[in-house]
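Every number here is computed from the coordinates shown, using simple stated rules; none is lab data. The structure displayed is predicted, hence computed values, not measured ones. So basically every Cβ, Gly included, is an ideal-geometry build from the backbone, and we count neighbours across all protein chains shown.
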């Protein structure tokens, strides 16, 4: 009796007259996803490979199907008939067999997001691009806090270039650099990369190139914050990173000459946006104090390094401004470090670690 009911559904006007007609239409409709389902590249561990394969097969494949195909897979009344008919569809250049699925058993957002924890190398992180493309097609929303975490983790793995590529493909990935927190994590990653190399060598050149690429991307509408005061590209900490990297490069490669006056340009821009510099913590909580330290160190590092560059030090007014601002920033850092919790004395948090490194210079 149930079988007859399914038959009536397939013969209904909405389901279309005969099974063969329905299946032919399904195949025709399947060609609309001409670029195919996102594929993943080589990864560093079998576990990560297995997880990515699971997400592709169990989430992306059904979500890249047409609405009609998904109805056949998800609705219980079609299960028996679907198994009997062995319907095959083509998406891109791949052929798939439709089989009954349960919507509630699709991989959850938490399952998908946990995949990023297993990404440890730049090659691993390259898979974040097809992963986010697939998530966007699957209508899975990503909160900026998740983007912040991934930018931080990718930076630790030396995969900041992947983050920039995500931003360049924003219409496909949904990723944007317009969020204050996302922009800050990117700036911190660039700073840490250069810091680890003593602000010398190829690490500085690479970080500066990435910073300038990020600045270009941030100038597009898709990466502009609707609230100007929250726009990352205007923030002193972002300008400060660009300033320190350009000044460090001038010191190493040009003997401090700064032939293109790039450092001086960033220094003046930072002075012009000084009203956005924070001098007080958002609260007494150490997390807020540490974030203030992170931002302050990025600004201070840029200004202190810039003073060693001729294009900045030779400008009397600019030099005097910077010296005054440095004193203000040093006071901010000292005040926050007074409140460093005892539990973080041996293993300092990110901002506290930056501050201690400054004291050691």
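Using the alpha-carbon positions of the range 26-105, Rg (one decimal) and Dmax (whole number) come out as 13.6, 42 Å. Note on the chain: GNM, Cα springs under 10 Å; of 310, 347, 273, the largest mean-square fluctuation is that of 347.
Taking 0.36 nm per residue of sequence separation and removing the Cα-Cα distance, the residue 83/residue 342 pair yields an extension gain of 86.9 nm. Between 345, 69, 51, the Gaussian network model of the chain with springs among Cα atoms under 10 angstrom shows the greatest mean-square fluctuation at 345. Taking label points 7 Å from Cα along the Cα-to-Cβ direction, residue 260 and residue 361 give a separation of 2.3 nm. Taking each residue as 0.36 nm, the span from residue 284 to residue 94 lengthens on full extension beyond its C-alpha to C-alpha distance by 62.8 nm. Taken over the Cα atoms of the range 36-165, the convex hull encloses 110 Å³ per residue.
Under a Gaussian network description of the chain, with springs only between Cα atoms under 10 Å, the residue in 221, 62, 144 that fluctuates furthest is 221. Per residue, the average separation of C-alpha pairs within less than 8 Å and at least 6 apart gives the chain a relative contact order of 11 percent.
Extension gain, residue 226 to residue 109: 0.36 nm times the residue separation minus the Cα-Cα distance gives 39.4 nm. Helix-only arithmetic for the chain: the sum of -39500 (n - 2.57) across DSSP H runs with n ≥ 4, divided by the residue total, places the mean residue ellipticity at 222 nm at -18000 deg cm²/dmol.
By average Cβ neighbour count within 10 Å, what is the ranking of 180-187, 317-324 from highest down?
Top to bottom by mean Cβ count within 10 Å: 180-187, 317-324.
As a proxy for reagent exposure, 83, 312 were ordered by neighbouring Cβ count within 10 angstrom, fewest first; the result is 83, 312.
The coefficient of translational diffusion for the range 108-209, derived via Stokes-Einstein from the alpha carbon Kirkwood radius under 25 °C and 0.890 mPa s, stands at 177 µm²/s.
The packing ranking of peptides 288-297, 93-102, highest mean first, is 288-297, 93-102, where packing means the average number of other beta carbon atoms within 10 angstrom of each residue.
Taking the empirical scaling 2.2 N^0.38 Å for compact globular proteins as reference, the range 177-360 has a Cα radius of gyration ratio of 0.99. Solvent-free Debye calculation, one equal scatterer per alpha-carbon of the range 69-113: log10 I(q)/I(0) at 0.23, 0.25 Å⁻¹ equals -0.83, -0.89. Contact order for the range 177-360, expressed relative to its length and based on alpha carbon pairs under 8 Å spaced 6+ residues apart, stands at 21 percent. The P(r) of the chain has a tail past 37 Å containing 36 percent of all C-alpha pairs. By the count of neighbouring beta-carbon atoms within 10 Å, fewest first, 327, 156 end up ordered 327, 156.
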